[in-house]
1. Between ALA64 and LEU202, 0.36 nm times their residue separation minus their Cα-Cα distance comes to what?
2. Label-point separation (nm) for ARG219 and ASN145, each offset 7 Å from Cα along Cα-to-Cβ?
3. Could you give the nm distance between label points at LYS5 and THR136, where each point is 7 Å from its Cα heading toward the beta carbon?
4. Suppose the chain between GLU93 and LEU245 were pulled fully straight at 0.36 nm per residue; how much longer would it get relative to their current alpha carbon spacing?
5. Under a Cβ-Cβ cut-off of 12 Å, what is the net charge of the residues other than THR134 that fall near it, where Lys and Arg count +1 and Asp and Glu count -1?
6. Hey, can you rank 96-105, 133-142, 147-156, 220-229 by average C-beta count inside 10 Å, highest first?
7. Can you compute the radius of gyration and Dmax for the chain, using only the Cα atoms, both in Å?
8. Please tell me the relative contact order of the chain in percent, rounded to the nearest whole number, where contacts are Cα pairs under 8 Å and at least six residues apart.
Amino acid sequence: MSSPKNPIVIIPARMQSVRLPGKPLADIHGEPMIVHVWRRGMEADVGPVVVACAEPEIAAAIEAAGGRAVLTRPDHASGSDRVFEALNLADPERKHDAIVNIQGDLPTVEAEVVRASLVPLADGSVDIATLAATITEPAERANPNVVKAVIGLAAGQTVGRAHYFTRATAPAGDGPLYHHIGLYAFRRAALEKFVALPRGVLEAREKLEQLRALENGMRIDVALVDTVPLGVDTPADLERARGMLSA
């Protein structure tokens, strides 16, 4: 395998959210949040952008902005499952060989961060690519809500193999820790394999879906980026996003 030749960006979105109900349609300067995420995907310019919607109102918002949306089953267990259904609906001829999965709550994600997710797939042995940033805030090192990517990067390296992902403080010893960013690029065959796998033991224990891939021998490589994009999970996060996008 080689670098993907024809990627597609798919953004899963659903209205159900415990801490911020109706999150995709939350207003940010006159437009729904999901429209801002769609725009960030378009700005990355790596391929066509499709929003995988659980509800018709999300699709309507995207289409009103001039984007493409695909309505999926509302009962998917994960965003990856929703992305896979949307891929087959949007691309039944299988023209796209890689899928960039951008979470629908990242309205400030930068184009270069999206593009960086494809870099590890230049290595033909990599199944899935994702991102991380060096942790600089001491409090994040022990915060279980900050997922750590365990990768061994020598000085100057910006891409490395993921050995594990954890909510614990890891690895031990002196050296940097890496904040995992939940943005993925899958080879098409890897996504097909991943969604067909049963839930993993460590996946259930850590509540981290990506561990299912590692538990089944799939290779995940991580590209290092400078910043962690803001994920909007709470009303306070929404206010931060509004401030960041005020310009």
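Every number in this text was worked out from the coordinates using simple rules, so none of it is lab data. None of these values were measured; they are calculated from a predicted model. Note: ideal-geometry Cβ built from the backbone for every residue, glycine included; neighbour counts use all protein chains shown.
1. So the chain would gain 45.5 nm between ALA64 and LEU202.
2. So the label points at ARG219 and ASN145 sit 3.6 nm apart.
3. 4.1 nm
4. 51.0 nm
5. -1
6. Order by mean packing, descending: 96-105, 220-229, 147-156, 133-142.
7. Considering the chain through its Cα atoms, Rg and Dmax are 17.2, 52 Å.
8. Rounded, it is 23 percent for the chain.
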